[in-house]
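The values are calculated or read from the model by the stated rules, or taken from the named source; none is laboratory data. Quick caveat: nothing in here was measured; it's all calculated off a predicted structure. The protein model used for the area step is the full one, side chains on, heavy atoms only, and it has no ligands, DNA or RNA in it. Shrake-Rupley method; radii C 1.70, N 1.55, O 1.52, S 1.80 Å.
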Amino acid sequence: MINAVQMRAARALLAMDQRQLAELAGLSLPTIQRMEASDGQVRGQVESLVKVVAALEKAGVELIGDGATSHGGGRGVRLKTPGI
């Protein structure tokens, strides 16, 4: 779904700190901190992961999963094109 590196990169693209992401996702700051401290895939309850992904996407980031169309291949993040 999302890995810790993607989560940190998405926040960086949005110039957002962990507290802001926690507020947008309706989660606690320690939950966001634990998610980002995960090794590889983010660990946590599915509901929490869905909230984080939705918050990042609403804020304007597109998460690129394995197998998605991307020039460089692999996982990543990018800003969404306005209007999409």
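Things to note:
- Accessible-area rank, largest first, for VAL52, VAL77: VAL77, VAL52, with all protein chains present and a 1.4 angstrom probe.
- The shape of segment 1-54 can be summarised by an equivalent ellipsoid whose semi-axes, obtained from the alpha carbon gyration tensor, come to 14, 13, 10 Å from longest to shortest.
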